[in-house]
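Have a look at the structure below before the remarks.
The values are calculated or read from the model by the stated rules, or taken from the named source; none is laboratory data. Please read all numbers here as calculations on a predicted model, not as lab measurements. Neighbour counts run over all protein chains shown; Cβ positions are idealised from the backbone, glycine included. Accessible surface is based on the protein model in full, side chains and every heavy atom, while ligands, DNA and RNA are left aside. Shrake-Rupley method; radii C 1.70, N 1.55, O 1.52, S 1.80 Å.
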Amino acid sequence: SQELEQSPQSLIVQEGKNLTINCTSSKTLYGLYWYKQKYGEGLIFLMMLQKGGEEKSHEKITAKLDEKKQQSSLHITASQPSHAGIYLCGADRGAQKLVFGQGTRLTINP
Amino acid sequence: DTAVSQTPKYLVTQMGNDKSIKCEQNLGHDTMYWYKQDSKKFLKIMFSYNNKELIINETVPNRFSPKSPDKAHLNLHINSLELGDSAVYFCASSASELLSYEQYFGPGTRLTVT
């Protein structure tokens, strides 16, 4: 099994709907990163969470790190076509090493 | 201005060949990385260098040899290419003095071994 499990692996939603992507770790999370990848492109940093209970927002995207620090969720409100892509969570495993989940492919239907 | 650039963007080659992928960053970062993303989109770190010194070396075949001539460059050389090496390879960089050390990724190099 993977150290970081994301769910769902793929998600299709209608434009304007809200959605949530989860990232569960088998170890305590000391730093959790969310990245977005568009097809054929590199990863774009979205946000980073470090403290249990922490919540950050950027435009219509909100990420939370749960109190027990083994799970994070990414919530998108009123989804738009520009939100489509692959979302990856990455965990800080020390020495600047990031371990990534398998990604969630998000499709937004008009 | 491109922050992290990789060349080439696409690379098609035959089994047994030797090839190199180049990476350059103009962000002034002191740490650079190579990642491999397989066909299932699973992204795994291969190497990291800090100030030209190898920091992370995951379980990667020794056919893969990274080289960092200076802080701004980290090249990846692959000997005796195999079918399983087909993947997208991403270079990334970060600034180690920042606690959050957000990593900036290049656009990727899609390697196809036939």
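Some values worked out for this structure:
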read-out: Residue list for segment B:44-79, filter: open to solvent by 60 Å² or more (accessible area, probe 1.4 Å) and not charged (D, E, K, R); value: B:ASN51, B:LEU54, B:ILE55, B:ASN57, B:THR59, B:PRO61, B:ASN62, B:PRO69
read-out: The lone exception for A:LYS17 - which of (1) in a strand (DSSP E or B); (2) open to solvent by 30 Å² or more (accessible area, probe 1.4 Å) it fails; value: (1)
read-out: Members of segment A:89-110 found to be open to solvent by 10 Å² or more (accessible area, probe 1.4 Å), touching a Ser or Thr at 6+ places or on another chain (Cβ under 8 Å), at negative phi and not basic (Lys, Arg), listed by number; value: A:THR107, A:ILE108
read-out: Strands (runs of 3 or more DSSP E) within chain B that include 2 or more residues over 26 Å from A:TYR39 (Cβ atoms); value: B:43-50, B:53-57, B:64-70, B:73-78
read-out: Residues within segment B:1-59 that are among the acidic types (Asp, Glu) and more than 14 Å from B:PRO69 (Cα to Cα), tallied; value: 4
read-out: Top-ranked residue of segment A:20-40 - restricted to ones that are away from chain B (no Cβ under 11 Å) and among the small types (Gly, Ala, Ser), ranked as surrounded by the fewest Cβ atoms within 10 Å (Cβ to Cβ); value: A:SER26
read-out: Scan of segment A:48-76 for residues that are at positive phi and either under 10 Å from the mean Cα position of the chain (by Cα) or open to solvent by 80 Å² or more (accessible area, probe 1.4 Å) (or both), ordered by number; value: A:GLU59
read-out: Any hit, segment B:12-21, residues being within 11 Å of chain A (Cβ to nearest Cβ), touching a residue at least 60 places away in the same chain (Cβ under 8 Å) and not hydroxyl-bearing (Ser, Thr, Tyr); value: no
read-out: Qualifying residue in segment B:24-47 (condition: farther than 24 Å from A:LEU4 by Cβ, of a type outside the set (Phe, Trp, Tyr) and free of Cβ contacts under 8 Å to residues at least 60 places away in the same chain); value: yes
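Okay, residues lined up against (1) within 25 Å of B:ALA3 (Cβ to Cβ); (2) in a strand (DSSP E or B):
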residue: A:GLU41; (1), (2): yes, no
residue: A:LEU46; (1), (2): yes, yes
residue: A:GLY52; (1), (2): no, no
residue: A:ALA63; (1), (2): yes, yes
residue: A:GLU67; (1), (2): no, no
residue: A:SER73; (1), (2): no, yes
residue: A:TYR87; (1), (2): yes, yes
residue: A:GLN96; (1), (2): yes, no
residue: A:GLN102; (1), (2): no, no
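Per-residue answers, yes or no, for (1) touching a helix residue (DSSP H, G or I) at 6+ places or on another chain (Cβ under 9 Å); (2) within 10 Å of another protein chain (Cβ to nearest Cβ); (3) of a type in the set (Val, Ile, Thr); (4) within 19 Å of B:GLY108 (Cβ to Cβ):
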{"residue": "B:THR7", "(1), (2), (3), (4)": "no, no, yes, yes"}
{"residue": "B:SER39", "(1), (2), (3), (4)": "no, no, no, yes"}
{"residue": "B:MET46", "(1), (2), (3), (4)": "no, no, no, yes"}
{"residue": "B:GLU53", "(1), (2), (3), (4)": "no, no, no, no"}
